[in-house]
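These notes concern the structure reproduced below.
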Amino acid sequence: MKTAFTRHLFIFASGIALIAVLAACSKDRSAPVPAVGTEIKPADISFPGLQMRPGGNAASFTVIGRIKNRSAQATLTEVKLRMTMEDVLASGASTTVAETMVTLRQEVPPAQSRDFEEKVEFGRLPRPKGRLEWNYSVAEVKGK
């Protein structure tokens, strides 16, 4: 009788342990849903009047402009820009000769704008065969 009781107790304890393990493994692992007003997309921002000015040396520049948050709810907190320098030939053909990322940390409330100035380092640029031309694209945005 003692053996039967021990066996039933073991089976009962094993069942409880199995339920605990299954409960721990079945947690929702989906991506967290952003709180209302925190989602901001690259299309929600613009850069009117963006300029690139020479910096302290041949590979150093300063990007100056205004960042506009067109979101109706989210405050912009950070933007990462992918900056490229291209060698453009007279024929119009171009080659990317340098690329860098620039992080702008600005709090811009919904439907507002802020001025900014940020240093840009491309590293050593090769002597151009045509003219150097810079471009940018928005790589990432964050909001709250």
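The values are calculated or read from the model by the stated rules, or taken from the named source; none is laboratory data. Computed from a prediction, not measured in an experiment: that's the story for all the values here. In this analysis, Cβ positions are derived from the backbone assuming ideal geometry, glycine residues included, and neighbour counts consider all displayed protein chains.
Quick check on Leu104: is it among the aliphatic types (A, V, I, L, M) and at pLDDT 95 or above? When the stated conditions are applied, Leu104 passes them. Return the residue satisfying two criteria in turn: it lies in the stretch 53-63 and is assigned to a strand (DSSP E or B) and of a type outside the set (S, T, N, Q), and of such residues it is surrounded by the most Cβ atoms within 10 Å (Cβ to Cβ). Of everything passing the filter in the stretch 53-63, Phe61 is surrounded by the most Cβ atoms within 10 Å (Cβ to Cβ).
Scan the stretch 39-52 and tell me whether some residue there is hydroxyl-bearing (Ser, Thr, Tyr), modelled with pLDDT under 95 and outside any helix (DSSP H, G or I). Among the residues of the stretch 39-52, not one is hydroxyl-bearing (Ser, Thr, Tyr), modelled with pLDDT under 95 and outside any helix (DSSP H, G or I), which makes the answer no. Listed conditions (1) touching a helix residue (DSSP H, G or I) at 6+ places or on another chain (Cβ under 9 Å); (2) within 30 Å of Gly130 (Cβ to Cβ) are all met by Ala74, apart from (2).
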